[in-house]
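K.L.:
Got a structure for you, written out below as structure tokens; questions coming shortly.
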Number of protein chains: 6
Amino acid sequence: MRPSGRQTNEMRKVSIETGVTMHAEGSCLIKCGNTHVLCTATIDERVPPFLKNSGLGWVTAEYGMLPRATNTRMRREAKNGQSGRTQEIQRLIGRSLRAGVDRVALGERQIVVDCDVIQADGGTRCASITGGWVALKLAVQKLMKAGDVISDPLVDPVAAISCGIYAGQEVLDLDYPEDSEAGVDGNFVMTGGKLIEVQMSAEGATYSRAQMDGLLDLAEKGVAELTQLQLGAVS
Amino acid sequence: MRPSGRQTNEMRKVSIETGVTMHAEGSCLIKCGNTHVLCTATIDERVPPFLKNSGLGWVTAEYGMLPRATNTRMRREAKNGQSGRTQEIQRLIGRSLRAGVDRVALGERQIVVDCDVIQADGGTRCASITGGWVALKLAVQKLMKAGDVISDPLVDPVAAISCGIYAGQEVLDLDYPEDSEAGVDGNFVMTGGKLIEVQMSAEGATYSRAQMDGLLDLAEKGVAELTQLQLGAVS
Amino acid sequence: MRPSGRQTNEMRKVSIETGVTMHAEGSCLIKCGNTHVLCTATIDERVPPFLKNSGLGWVTAEYGMLPRATNTRMRREAKNGQSGRTQEIQRLIGRSLRAGVDRVALGERQIVVDCDVIQADGGTRCASITGGWVALKLAVQKLMKAGDVISDPLVDPVAAISCGIYAGQEVLDLDYPEDSEAGVDGNFVMTGGKLIEVQMSAEGATYSRAQMDGLLDLAEKGVAELTQLQLGAVS
Amino acid sequence: MRPSGRQTNEMRKVSIETGVTMHAEGSCLIKCGNTHVLCTATIDERVPPFLKNSGLGWVTAEYGMLPRATNTRMRREAKNGQSGRTQEIQRLIGRSLRAGVDRVALGERQIVVDCDVIQADGGTRCASITGGWVALKLAVQKLMKAGDVISDPLVDPVAAISCGIYAGQEVLDLDYPEDSEAGVDGNFVMTGGKLIEVQMSAEGATYSRAQMDGLLDLAEKGVAELTQLQLGAVS
Amino acid sequence: MRPSGRQTNEMRKVSIETGVTMHAEGSCLIKCGNTHVLCTATIDERVPPFLKNSGLGWVTAEYGMLPRATNTRMRREAKNGQSGRTQEIQRLIGRSLRAGVDRVALGERQIVVDCDVIQADGGTRCASITGGWVALKLAVQKLMKAGDVISDPLVDPVAAISCGIYAGQEVLDLDYPEDSEAGVDGNFVMTGGKLIEVQMSAEGATYSRAQMDGLLDLAEKGVAELTQLQLGAVS
Amino acid sequence: MRPSGRQTNEMRKVSIETGVTMHAEGSCLIKCGNTHVLCTATIDERVPPFLKNSGLGWVTAEYGMLPRATNTRMRREAKNGQSGRTQEIQRLIGRSLRAGVDRVALGERQIVVDCDVIQADGGTRCASITGGWVALKLAVQKLMKAGDVISDPLVDPVAAISCGIYAGQEVLDLDYPEDSEAGVDGNFVMTGGKLIEVQMSAEGATYSRAQMDGLLDLAEKGVAELTQLQLGAVS
């Protein structure tokens, strides 16, 4: 009944390739089915003004999509400015990644995570968070190898997965054909078995608490699988 | 233990005054404690291009804050463009209100709901949704009285309330002193006993599923109270 | 013959309510008939760069209109940037208020006066100046009570009123139905019986020096009445 | 006592050279002392949307300054957008020129008057209005010669002059050294012996009605002289 | 003597992988040494307004760089708008590709070529032209297979290569270490043995006609090699 | 066969009038036929941030066109921002002028050259470079006279001329009627008999190396003539 033939609780095939660009301190290309996101982490020894002399680190994120990452070409944001949707997504990525960082251990420096969607088929913000954590971890490993950071500021991986109600059923990891039909869908960000962010929206629909519980169950399963892949990629 | 002395499950005093401006088709001033939002609804017989000749109506929202609505003056958005936060809020308000509208019954017209924060003390987006629904309902009543709309497109009120974890406890309806301290907080939008939107974020923290459940319980209680006030205001 | 039935030299009913917001150092809601403007004054201990270490104070103003303050909804300036008209008005308000300030007595600090039109029915810039002075005065009184300012930098109130030629007659304080018909109209800003600013424009019309004199007579009468109301509001 | 040695009621030497560019339908270079403005008029057979099928013509103006027209170089507006001051000036020029146009006689077409300051020494907006009228007249003469306009829509010239209070004295036609010192100054736009616009501002000062009268006397004298020069230039 | 050890007339290793994204009508990933550019071609049945009903086709290009494509992170253009450099490059790419298109044969449709730099090491605009032609050709092949285009509008490949004077010697295909040192460098675009565009710039240096001739010789050699690779990729 | 009747190797009549504005440190009005450009040079004792404390000087340029410099009125860039074409031109002017400057001899200061096109008939960027050098030289002479610069940082004039292929023939110094027809045209910037910049573009056409050689011959002839005029203007 799912267009892809997947089970309701079955994720798409996910792969994470690291070290894909020569310049960035950390990088990976994450593929969640046909959604491909290039994530890079840049270490910047300067922090934003409000953190100067605080001893605390910062992690922030930016998100973009190549114009033809989608089925029909989108106008290039460099020509038109970032849309509200783009800003909302990059605020979510940054907030999610920061929830998994010990900012004292990171020390007074900033890491900027860029998530650029090369090809989109639903779930780009979740792939960005999951892949963004890998890029971030690789950059931190470089800092630790150099002795610039002593205690690891990243304990558990941060991962995210979408869930929604498609054709009346709770399903895990919506692809674009499902996403464009689902009246209810959202994203769950977790770390170490705990929740960081829940965003569950309905467009022209509603959902019950029982359905919300079912979606949370699916999300826990999906994030557990992603976490294993993340740990494999950075070890 | 709450700065205001309220119980953990106790909302601030809420009042909704209707008919507060002479020009708008629907309007109210909603006060949730010291958070005051002026909501107006404007009927526009033109719909956005993607709905032309569809027979379907549309509801959209815009949100703003007066520069000195806050404790320290904020830069005027008219000079700087809408921030990502503002755009995110107004997208949420519009999506939430649309979830409670029968767009066929509304007919091919648009209603624009403007939510302008006169004074802010936490919870402005929730007050905007709750008050915005009242302004919307009043505008629809005007359309029905004129015979332009026959069947009421608004059945159940849409209302929203914030919840969060403050000082380790789940609390209802955070004011600004709580909001600025809480590591976990979010908003619940509901209609007719069902969920429309859940946005629960952690900044530098996490939360368990048990806490999530406790917050959902609080939200259901708060929304039920708001719904009674909304119904009183529009009858 | 005036749409409102007023005499040619009769102002609309004016009220000034002070202390209307909890955050601002000075505030009032001025109502000139159906024109309602919320004025707030914010004390900022930093001055603009060109005044650093000069010992001189500064007063500046910003002006805005809620989108549905008018009969038909206007596009939100936060989305489109301030129009030339808005910038012209806020420059006038700032210049007018500064003319009534002893900038040495104020000391090296800035006061920002925000004038936001809640409901518009003609004469919003004059109401902003008149109400803006009240908010400014209240903020200065706070500075004097705290001992931060010793000698009062605000001696006489600054007030403004519109005049114009409507249906061939010189009239005082145009409301919107008159303003949209009048070929000649303008604003007079005064303090202590002297002029600060005269702006008298014709659109597709002209006026004689005799008419100009008649308009000045009306303005003097109107400003005298406003001044009494201002003094009442701040004492 | 004037820096230039002029009498208080003495204008600078004014010259108006016509036909200075090969492309524009009307053009002149007006020199008011060291203030040099290039004015061009462009005929556009399309009118703004609000005039479509009205049978009425329109005249509008744009104003600019070359970056090094002034004593110290100003930032190029093409890089930064038009300032509030620029917009205010071009609105004044357009409004002033329209007051002297019979829009029925002009017919449904638009004339755009561009006023670009090549060299500035005070009074650029007045020179723009006075020279702008000449360019406009020349373009209209072309339309009449071609038989596209039958009855002359421009009867009396529109001219403008600045006045102010410098060193305690009312003076005519301020140059930059006077303008930057004067606490009170403004512009008078007239046509056919009648007023179109009065803008008299004080910055940190005030002025009496008697002074206002004196300034009006000076303006009438100056405009009469400019009108003769305009008529000479276009005949 | 070249940092890479290459001969003065030796290009970097070039590879062109086609069909790299699922959505675009034509696509390739071109790698010129460490410079990697993703090129996609989008067919749009609408043409720009100036070509409506002309029967002529159009090809245009846009260019971007991921923020961390470079050694130090660049600010994201979506946040700041396209730089002058970016606009200059995308104008060059579009002009170059159009020179190799029979616009009558293409028919009244537009093809948009997006060139996004994934990793930069000098020569990104040349790689964009060379790879952009491949993406364009693949899209055209799709149109021909569908019978929408009958006669091939692309006869000879368009290719581009950089040349410059490095350490006093004329060299082919500068990489970033050379490019940042060279006082003279530029780009040559060719098709079918003819020149389309020559852009040879000196920064703080000059060059003789004899050197110009030497650079042209190198360019001809490089373009011939690229052309073979392009033909291989699209056959 | 050329619309103007000129020989293929014949430039338009060129004149350079210096000292045309009272404020700028150097200025000229260059007329190349009907193309008229006002060039001013402004000395700024501050350098861009990347040159602070380097001891090196900087020369930069800005370019603009009055809206009615052209046959049909163009939209004012102050209202719309600088086009890609404008930015490309001003980058070329700055780069060209810098190639003729000894930046050590200039000392740590910046000279800004503004080139504003009063009337356009083809070749505005070349006229800007040629006239810009004259304005620059005059400003430098002022610095040398004041003893602020000891050794002349400008040895040979920098001049530029356009060439192209019109009606199958290589021609020198295209005017607008030729420029709008030519499939191949470009600009050559030279100093002291050497090349600084070659930009030769084809739009929907190509050219051979033999033609390129012919164009270079023409450019050398043209630049030699311009150089004599420049030297005459500044001596």
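The values are calculated or read from the model by the stated rules, or taken from the named source; none is laboratory data. What you are looking at is a predicted structure, and each value in this text was computed from that prediction instead of being measured. Virtual Cβ from ideal backbone geometry, glycine too; neighbours counted across all protein chains shown. We work out accessible area using only protein heavy atoms, side chains counted, and drop any ligands, DNA or RNA first. Shrake-Rupley method; radii C 1.70, N 1.55, O 1.52, S 1.80 Å.
K.L.:
Once you sort the root eigenvalues of the Cα gyration tensor of segment A:105-153 as a ≥ b ≥ c, which label holds: rounded (a/c under 1.5), prolate (a/b larger than b/c) or oblate (the other case)?
P.N.:
Prolate is the answer for segment A:105-153, as a/c is 1.5 or above and a/b outweighs b/c.
K.L.:
Still on this structure: Using a 1.4 Å probe on the protein heavy atoms, what percent of the accessible area of segment A:114-172 belongs to carbon and sulfur?
P.N.:
49 percent
K.L.:
Also, quick follow-up: Summarise the partner chain shielding of A:18-31 as one whole number: the mean count of Cβ atoms from other chains within 10 Å of each residue's Cβ.
P.N.:
3
K.L.:
So what is the relative contact order for segment D:1-59, in percent, with contacts set as C-alpha pairs under 8 Å and at least six apart?
P.N.:
Relative contact order here is 21 percent.
K.L.:
Report, as an integer, the average count of C-beta atoms from other chains found within 10 Å of each Cβ along E:118-126.
P.N.:
If you average over the peptide's residues, the count of other-chain Cβ atoms is 2.
K.L.:
Ballpark to the nearest 100 Å², how much total accessible area do F and D bury together, probe 1.4 Å?
P.N.:
For F against D, buried area totals roughly 2700 Å².
K.L.:
Give the nm distances, rounded to one decimal, from A:Asp217 to the matching residue in every other copy, measuring between label points 7 Å along Cα toward the beta carbon; shortest first.
P.N.:
2.1, 7.8, 8.7, 8.7, 9.6
K.L.:
Compute the relative contact order of segment A:109-235 as a whole-number percentage, counting only Cα pairs closer than 8 Å that sit 6 or more residues apart in sequence.
P.N.:
Answer for segment A:109-235 is 24 percent.
K.L.:
Mind checking the dipole of segment F:134-235: about its Cα centre, +1 per Lys or Arg Cβ, -1 per Asp or Glu Cβ, Debye to the nearest 20?
P.N.:
580 debye
K.L.:
Identify the residues of segment D:113-134 with backbone N under 17 Å of a label point that sits 7 angstrom from the Cα of D:Phe50 along the Cα-to-Cβ direction, or state none.
P.N.:
The answer is none, because no backbone nitrogen lies closer than 17 Å to the label point.
K.L.:
Mind checking the mean number of beta-carbon atoms from other chains within 10 Å of the Cβ atoms in E:70-76?
P.N.:
4
K.L.:
Run lengths n ≥ 4 of DSSP H only: what is the helix-derived mean residue ellipticity at 222 nm for the protein assembly as shown, with -39500 (n - 2.57) per run over all residues, to the nearest 500?
P.N.:
Result for the protein assembly as shown, helices only: -10000 deg cm²/dmol.
K.L.:
Greater than 24 Å separation of Cα atoms is the criterion. Which listed pairs, E:Lys31/E:Lys221; B:Lys52/B:Lys79; C:Lys31/D:Lys194; B:Lys31/C:Lys31; B:Lys79/E:Lys79, meet it?
P.N.:
B:Lys52/B:Lys79; C:Lys31/D:Lys194
K.L.:
Using only Cα atoms, what is the ratio of the radius of gyration of chain D to 2.2 N^0.38 Å?
P.N.:
Against the compact-globule rule of thumb, the ratio is 1.01.
K.L.:
Moving on to the next point. I'd like the residues of segment F:203-218 whose 1.4 Å-probe accessible area shrinks by no less than 30 Å² going from the isolated chain to the full set of protein chains.
P.N.:
F:Glu203, F:Thr206, F:Tyr207, F:Arg209, F:Met212, F:Asp213, F:Leu216
K.L.:
Now a separate question. Please sort E:140-151, D:33-44, D:172-183, C:62-73 by packing, taking for each peptide the average over its residues of neighbouring beta carbons within 10 angstrom, highest first.
P.N.:
D:33-44, C:62-73, D:172-183, E:140-151
K.L.:
Expressed as cubic angstrom per residue, what is the convex hull volume of the alpha carbon set of segment F:45-164?
P.N.:
Looking at segment F:45-164, the number lands at 121 Å³ per residue.
K.L.:
Express in whole angstrom the spacing between the alpha-carbon centres of segment B:14-81 and segment D:118-158.
P.N.:
46 Å
K.L.:
Same structure, new question: Tell me, what is the per residue accessible area of segment D:1-65 in Å², probe radius 1.4 Å?
P.N.:
That works out to 47 Å² for each residue.
K.L.:
Counting only heavy atoms of protein chains, what accessible area per residue, in Å², does segment F:73-149 have with a probe of 1.4 Å?
P.N.:
Here the per-residue accessible area is 31 Å².
K.L.:
Percent relative contact order of chain B, based on C-alpha pairs within less than 8 angstrom and at least six residues apart?
P.N.:
It comes to 22 percent, rounded to a whole number.
K.L.:
Just to check, using Stokes-Einstein with a Kirkwood Rh over alpha carbon pairs, what's the diffusion coefficient of segment E:90-217 at 10 °C and 1.306 mPa s in µm²/s?
P.N.:
For the chosen part, D equals 100 µm²/s.
K.L.:
Separate question: Have a look at C:Lys137, C:Lys52, C:Lys79 and tell me which one the Gaussian network model of chain C (Cα, springs below 10 Å) gives the largest fluctuation.
P.N.:
Evaluated over chain C, the most mobile residue of the options is C:Lys79.
K.L.:
Using a Cα-Cα cut-off of under 19 Å, which aspartates and glutamates could be cross-linked to F:Lys142, ignoring same-chain neighbours fewer than 8 residues away?
P.N.:
Leaving aside aspartates and glutamates fewer than 8 places away in the same chain, those within reach of F:Lys142 are F:Glu17, F:Glu25, F:Asp44, F:Glu45, F:Asp102, F:Glu108, F:Asp114, F:Asp152, F:Asp156.
K.L.:
Identify the residues of segment A:101-137 with backbone N under 16 Å of a label point that sits 7 angstrom from the Cα of A:Ile150 along the Cα-to-Cβ direction, or state none.
P.N.:
The answer is A:103-108.
K.L.:
How many nanometers, to one decimal and shortest first, lie between the label point of D:Asn80 and those of its other copies, if labels sit 7 Å from Cα toward Cβ?
P.N.:
1.9, 1.9, 2.2, 2.5, 3.0
K.L.:
Stick to the Cα atoms of segment F:165-216, pair each with every other, and give me the Kirkwood hydrodynamic radius in Å at one decimal.
P.N.:
Hydrodynamic radius (Kirkwood, Cα pairs) of segment F:165-216 is 11.6 Å.
K.L.:
Taking each label point as 7 Å beyond Cα in the direction of the beta carbon, state the distances from B:Ser180 to the same residue in the other copies, shortest first, in nm.
P.N.:
Going from nearest to farthest copy, the values are 4.4, 4.4, 4.4, 4.6, 6.3 nm.
K.L.:
Between B:Asn9 and C:Met74, what is the label-to-label distance in nm when each label sits 7 Å out along the Cα-to-Cβ direction?
P.N.:
4.8 nm
K.L.:
Turning to a different aspect of this structure: Treating only the Cβ atoms of Lys and Arg (+1) and Asp and Glu (-1) as charged, compute the dipole magnitude of segment F:54-156 about its Cα centre; round to the nearest 20 debye.
P.N.:
Dipole magnitude for segment F:54-156 comes out near 420 debye.
K.L.:
Of all accessible surface on segment E:65-107 at a 1.4 Å probe, what whole percent is carbon and sulfur?
P.N.:
46 percent
K.L.:
Another question, if that's okay. Let a ≥ b ≥ c be the square roots of the eigenvalues of the Cα gyration tensor of the protein assembly as shown; is it rounded (a/c under 1.5), or, if not, prolate (a/b larger than b/c) or oblate?
P.N.:
Judged from the Cα gyration tensor, the protein assembly as shown comes out oblate (a/c at least 1.5, b/c at or above a/b).
K.L.:
For segment F:180-211 and segment D:177-202, write down the distance between their C-alpha centroids in whole Å.
P.N.:
Taking the Cα centre of segment D:177-202 as reference, the centre of segment F:180-211 is 54 Å away.
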